[in-house]
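Reviewing the structure listed below.
The values are calculated or read from the model by the stated rules, or taken from the named source; none is laboratory data. Please read all numbers here as calculations on a predicted model, not as lab measurements. Here the Cβ positions follow ideal geometry from the backbone for every residue, glycine too, while neighbour counts run over all protein chains shown.
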2 protein chains.
Amino acid sequence: MSNKTFKELLEKFEHDRGVVGVLGLGYVGLPLAVAFAKKGIKVVGFEKSSHKSDQVNAGHNYIGDVVDSELKAAVKSHTLVATTDFSRLKECDAVIICVPTPLDKFKKPEMSYIASAGKDIGAYMKKGVFISLESTTYPTTTEEYLLPIIAQESGLNVNEDFWLCYSAERVDPGNHSFKTENTPKVVGGFGEEAQKLAMTLYSKAIPVLHPVSSPRVAEMTKILENTYRLINISLVNELALLSGKMDISIWEVIEAAKTKPYGFQAFYPGPGIGGHCIPLDPFYLEYIAKNYQFDLTMINTAGQIDNLMPHRMTIKITSALNRHKKSVNGSKILFLGVAYKGDIDDPRESPALKIIDEVIKKGGDVVVHDPYISTFKTEEHGEMHSVPLTDDLLKSTDCVVVTTKHTNVDYQRVYEFSKLIVDLRNAFEQNDEKVYKL
Amino acid sequence: MSNKTFKELLEKFEHDRGVVGVLGLGYVGLPLAVAFAKKGIKVVGFEKSSHKSDQVNAGHNYIGDVVDSELKAAVKSHTLVATTDFSRLKECDAVIICVPTPLDKFKKPEMSYIASAGKDIGAYMKKGVFISLESTTYPTTTEEYLLPIIAQESGLNVNEDFWLCYSAERVDPGNHSFKTENTPKVVGGFGEEAQKLAMTLYSKAIPVLHPVSSPRVAEMTKILENTYRLINISLVNELALLSGKMDISIWEVIEAAKTKPYGFQAFYPGPGIGGHCIPLDPFYLEYIAKNYQFDLTMINTAGQIDNLMPHRMTIKITSALNRHKKSVNGSKILFLGVAYKGDIDDPRESPALKIIDEVIKKGGDVVVHDPYISTFKTEEHGEMHSVPLTDDLLKSTDCVVVTTKHTNVDYQRVYEFSKLIVDLRNAFEQNDEKVYKL
């Protein structure tokens, strides 16, 4: 027996008359907002940062995966409007939460953004709203963390006055094949009505949806996807270190293993894991598992490997310099790349930052070049700047360390003018006296 | 500067005039022997077991992945002959070693089969032989373990009188798409001449070869492939146990994660790992790593999970029976399947065997049905027999445990007549009071 509020809401979604609020206009929220707006659905984007809000309203795109012209068109037609005024949540028929879920320094989930979103929604929402959480988080968050906040703040009842859903973003920054709109989306409504609303609304912007039986199944799905990556990167990092000792090129091994036509997927080693997903998401699960008296030993072990990687990379640099009878202390060391992966401009959680800190601490004279990032911060040494990659710089450097493989760097020139290279990303074909490979 | 022996040998391989000895006619050796024989290359198969040798010579196939008619044709045309007389190794221009490499009870590599093969070859081989090892083993085996044995036993010199190579089998029993001949093969010769011989010979039977720079790279490749599987199965087994506590169906989670169009490969949980590869190969690497003062923590952790799985499955059975106010002690428990995976007849390292042992120890009245295996042995209870799966058997059973999912079992009938089912393989669509799922 469906109530009137539900029917009205469903009808709005069916006829593209619902107003969609997107909470958080970052790398998840902005592409999603544009995806809805493109289909003529009115979107209000909520941002705590007035800078971002102003940018959007001026039609200025700041997210790599968003097409500039699509953002401009959406803003110009007033289909998309950004605001810092959260009281405008009362205009919305749907609210999609795209806020960050970082970990604190003790790898404990930092739930304050979700809590704050829940409170804002509860404070301003009208009766008859569909709410979807897209932030990656531990299973049970939607039902047991977010729901009580909204219910208490609003005094309204779930599945009568509002409906809840979890549907994780699957944004892969820099992925040219799969964007928000053509990536299948897993949708876990809290109850059948919520699922119906979720499927109806999301299908307007994203053609392929995969419904699951509950929010917690959808939450676990997202964590499984990224835990899979964490585990496999950690394994290959560990095997890379062993291979180095055994006079085996791990890169050659991976290329060979890839020829197996079934049952293998290649992962590549590197200086450590980075970004806003792989280093974080699995530890959300590890956190909640403890509440069930359960230790996730695979994630824990992977975490240990990854914690040690930057330090181990510093040792690699030390060993390479040692060949030239040099120490880190007093050597000029050039880092190529601080982005956490190639061809993107995001240094979040990048292992390069930790290696830079450690090398500076040991007395290294650190210089950095990243074609995508002009300024960045390390935890211990604050703001640093990228310098131009000149021949003179290369010639005057004792050791070049490739921490990110950007395709627009001319590695042949780097090879030509460098004395010594520590290649942590298989950027060089050469594997000789000059190039010290992971 | 190639020597005369090398040139003669290469020419023989080029013109299909070389005699290929295959050492060990098991699930690796026999398909390979037939693959060469099919191309008109003379093969002598060496077997310690006169029973197997006689079977082959009578044209009786005993390996699922071999086509009966191809074996018969090869034997009838005298292209393939089997023998227990290892002195006939002197007839061979190539010897391919396909012997087992098990682990002992302390997970230490049992190298005696390779040692024995090396001694036999060294004792009987003629000058001018190409030798390839296909058994899965730790990196450095070919160069540092096998080579000295052959050299010492024969008094001959590597790369003058004989050539060595490592090229792992990639047989996946029961895989209907990929067999010996259409699976790309990684080939790691010891030196350029060995590589040339290896590529020339193997290309006669296997169209796609992938050359690598050394035997140890090829050895590591095989281990990486299977370690990848071990790690991922262990992860999903651990997540399955947590999911059970969190009221989440891991099977539903995996299906949902599979909709991600990149960066994910599905692995499925089960009662533990089995077979002759996944539970063994990674521990070869762990063994040799210790020689390099290196601990492979991912493999170690995976091993810990897998060691515990059978015990944890016994606890699942106990919990399921507890719902019916029954104990394992005195209950009639029917195990469906002892093969280590579905639709094959191989119980090696099957977790079912360990669960059966534990349940018997706890006083369970164990009955087993496996449509592919009539007789098998458990470590503690010796020989056991499969019984027919009758309606009466199902009705009289307190608990059915699905340990292997064979597609020729009628699970709907099992559901209909059973009181209680512990489904460790997602064999049942139902997920209700009667079916207790992993």
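Points worth noting:
- Residues satisfying the stated conditions in region B:169-204, i.e. of a type in the set (A, V, I, L, M, F, W, C) and either more than 26 Å from the chain's Cα centre (by Cα) or under 30 Å from B:Thr407 (Cα atoms) (or both): B:Val171, B:Phe178, B:Ala194, B:Leu197
- Some residue of region B:232-242 being in contact with an Asp or Glu (Cβ under 6 Å, 6 or more places away or on another chain), surrounded by fewer than 24 Cβ atoms within 10 Å (Cβ to Cβ) and not assigned by TED's automatic domain parsing to the domain that holds B:Ile41: no
- Only one of the listed residues (B:Thr221, B:Thr227) is in contact with a Pro (Cβ under 7 Å, 6 or more places away or on another chain) and within 25 Å of B:Gly274 (Cβ to Cβ). That residue is B:Thr227.
- A:Gly263 being modelled with pLDDT under 95, more than 7 Å from chain B (Cβ to nearest Cβ), more than 21 Å from the chain's Cα centre (by Cα) and over 30 Å from A:Met111 (Cα atoms): no
- The single condition among (1) under 30 Å from A:Lys222 (Cα atoms); (2) in contact (Cβ under 8 Å) with a residue 24 or more places away in the chain; (3) among the basic types (Lys, Arg) that B:Lys260 does not meet is (2).
- Flag if B:Val212 is closer than 27 Å to A:Pro269 by Cα, surrounded by 22 or more Cβ atoms within 10 Å (Cβ to Cβ) and touching a His at 6+ places or on another chain (Cβ under 9 Å): no
- Residue within region A:136-154 that is surrounded by fewer than 19 Cβ atoms within 10 Å (Cβ to Cβ) and small (Gly, Ala, Ser) present: yes
- Residues of region A:57-108 satisfying the condition of being farther than 20 Å from A:Val171 by Cα and under 18 Å from the mean Cα position of the chain (by Cα): A:Asp104, A:Lys105, A:Lys107, A:Lys108
- Test: residue in region A:190-200 that is of a type in the set (Lys, Arg) and touching a Lys or Arg at 6+ places or on another chain (Cβ under 8 Å): no
- Residue under evaluation B:Tyr268, criteria (1) more than 7 Å from chain A (Cβ to nearest Cβ); (2) closer than 27 Å to A:Thr259 by Cα; (3) part of a helix (DSSP H, G or I), criterion not met: (3)
- The residue that is nearest to A:Lys245 (Cα to Cα), counting only those in region B:290-301 that are surrounded by 22 or more Cβ atoms within 10 Å (Cβ to Cβ) and facing chain A (nearest Cβ under 7 Å), is B:Leu296.
- Scan of region B:124-137 for residues that are under 16 Å from B:Ser167 (Cα atoms) and part of a loop (DSSP other than H, G, I, E, B), ordered by number: B:Glu134, B:Ser135, B:Thr136, B:Thr137
- Restricting the search to strands (runs of 3 or more DSSP E) fully inside region A:1-119 and requiring at least 3 residues that are touching a Leu at 6+ places or on another chain (Cβ under 7 Å) and surrounded by 20 or more Cβ atoms within 10 Å (Cβ to Cβ) gives A:43-46, A:94-97.
- Qualifying residue in region A:69-87 (condition: out of contact with any strand residue (DSSP E or B) (no Cβ under 6 Å at 6 or more places or on another chain) and under 30 Å from A:Leu285 (Cβ atoms)): no
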